[in-house]
Amino acid sequence: RDLCRIPELLFAETLPNFVCATADEDKMVSVHKLIHMSLSQILDNELRRELASNIVLVGGASQFPTLDKRLSSELSGVLPSSMKYKVTASKNQIERRYSAFIGGSILSSLGSFQQLWLSKKEYEETGSARLAIQRFKQLV
């Protein structure tokens, strides 16, 4: 019975008792609110509209039946009515499961992305926070 309710955890505000031991551990952010928070942080209105209209579900958890419809329904409650959004999930289960890996492998093979690579030595000398600012400032 509990296995049938596992996909509900993606949309829950708190974890059920069988998952966490104390009340302090039960707070979490649902997937539709994470999407809303991410979109809200984008200042460029055109970019925000473009990203909202291209929400793609990939990975193992995306294979739950009708997850795309449920996510669309939940997003309608948190996103402004003026914002047009579209949730897409491939009908091919294998493609959906490995899309993140395939996309990452394509991205890593691009010459422009290879400029962002760094060595272990460079990472250890500079640190992650400064490296992120240095590397991604070039892209803006």
* I133 accessible area, nearest 10 Å², 1.4 Å probe? -> 110 Å²
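Shape call for the stretch 65-117 from the C-alpha gyration tensor, a ≥ b ≥ c root eigenvalues: rounded (a/c under 1.5), prolate (a/b greater than b/c) or oblate?
The shape class here is oblate.
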* **Hypothetical label at Q63: residues of the stretch 72-103 whose amide nitrogen lies under 12 Å (7 Å Cα-Cβ projection)** => 92-99
* **Tensor-based shape of the stretch 40-140 (alpha-carbon gyration tensor, a/c under 1.5 rounded, otherwise prolate or oblate)** => oblate
* Asked: Each label point is 7 Å from the Cα along the Cα-to-Cβ direction; what then is the distance between the points at I6 and K84, in nm?
  -> 3.7 nm
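The values are calculated or read from the model by the stated rules, or taken from the named source; none is laboratory data. What you are looking at is a predicted structure, and each value in this text was computed from that prediction instead of being measured. Please note: Cβ atoms are built from the backbone with ideal geometry, for glycine as well, and neighbour counts cover all protein chains shown. Side chains are part of the model used for accessible areas, which takes the heavy atoms of the whole protein and leaves out ligands, DNA and RNA. Shrake-Rupley method; radii C 1.70, N 1.55, O 1.52, S 1.80 Å.
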